[in-house]
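Worksheet: the structure to be examined is printed underneath.
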Amino acid sequence: MIRLLIADDHPVVRAGLAGLLSDEPGFEVVGEAADGAEATALAAELQPDVVLMDLRMPHVDGVAATSRIVASRGDAAAPRVLILTTYESDDQILAAIEAGASGYLLKAAPREEIVAGIRSVAAGQSALSPSVAVRLVERMRHPEPAPSALTPREVDVLRLVAAGHANKRIAVELGIGESTVKTHLLRIYEKLGVDTRTRAVTLALERGVLGGGSTGR
């Protein structure tokens, strides 16, 4: 029996998936979550085999929740994450895969593809929608150029973002205006090729950008 946790902020979508999958032999839906924080908590509590994770959810998004759940894999029973979403931009796909997702399927996929994807992920394999697989192959063939280096002040801003501070607090810490913080963030996003705070911090940590330095005024 494959135990499933469904994470999606739309109640109708959760109900539809739960109904569809509960009727499938060998599947058991053990829980539902309305956002990434709840998904992380329920994954630890219920220990499902697979978490079906949407990307855009309030409070904690799917990428951040995936990273947290995957980080618990020191326990052999930790669940695997299968992204199930309507979004398929390159940045979102890469962010989810780099966060540790075992698969990436689209909600518009046929039922048979979703069911097969769940079984593959539960068995320790990967599952990618054909369009997603094509995007990943193209990205590997034509990698983006290396981003421009961040300035010391941009690193300061990003380090405070990584610490969980809002723009207003960052402005106070650095002695600059809140609008200036927003400008720095936009430049950081452009240089790193991302569009979210979570993704910017993740990439910066991976590349060692946030190692050392100070955030003083």
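Condition check for Val115 on (1) touching a helix residue (DSSP H, G or I) at 6+ places or on another chain (Cβ under 8 Å); (2) open to solvent by less than 30 Å² (accessible area, probe 1.4 Å); (3) closer than 29 Å to Glu206 by Cβ: one failure, at (3). Just the residues that are touching an Asp or Glu at 6+ places or on another chain (Cβ under 8 Å), part of a strand (DSSP E or B) and open to solvent by 30 Å² or more (accessible area, probe 1.4 Å), please, taken from the stretch 3-30. Within the stretch 3-30, just Arg3 meets the criteria. Scanning the stretch 125-134 for residues that are open to solvent by less than 60 Å² (accessible area, probe 1.4 Å) and either in a strand (DSSP E or B) or at pLDDT 90 or above (or both) turns up just one, Ala127.
Taken over the stretch 149-172, the criterion of being part of a helix (DSSP H, G or I) and open to solvent by less than 60 Å² (accessible area, probe 1.4 Å) is satisfied by Glu154, Val155, Asp156, Val157, Leu158, Arg159, Leu160, Val161, Ala162, Asn167, Ile170, Ala171.
Annotation note: of Ala44, Ala33, Ala96, Ala71, the sole residue that is among the small types (Gly, Ala, Ser), at pLDDT below 95 and surrounded by 17 or more Cβ atoms within 10 Å (Cβ to Cβ) is Ala96. Within the stretch 37-75, the set of residues being out of contact with any Asp or Glu (no Cβ under 8 Å at 6 or more places or on another chain), free of Cβ contacts under 8 Å to residues at least 40 places away in the same chain and in a loop (DSSP other than H, G, I, E, B) comprises Ala71, Ser72, Arg73, Gly74, Asp75.
Of Ala64, Ala71, which residue is closer than 20 Å to Ala123 by Cα, under 15 Å from the mean Cα position of the chain (by Cα) and of a type in the set (A, V, I, L, M, F, W, C)?
Of the residues listed, the single one that is closer than 20 Å to Ala123 by Cα, under 15 Å from the mean Cα position of the chain (by Cα) and of a type in the set (A, V, I, L, M, F, W, C) is Ala71.
Residues considered: Ala108, Ala78, Ala34. Of these, the only one that is within 25 Å of Pro130 (Cβ to Cβ) and either touching a residue at least 60 places away in the same chain (Cβ under 8 Å) or out of contact with any Leu (no Cβ under 8 Å at 6 or more places or on another chain) (or both) is Ala108.
The values are calculated or read from the model by the stated rules, or taken from the named source; none is laboratory data. None of the values given here were measured: they were computed from a predicted structure. Cβ: placed from backbone, ideal geometry, glycine included. Neighbour counts: every protein chain shown. Accessible surface areas use protein heavy atoms only, side chains included; no ligands, DNA or RNA. Shrake-Rupley method; radii C 1.70, N 1.55, O 1.52, S 1.80 Å.
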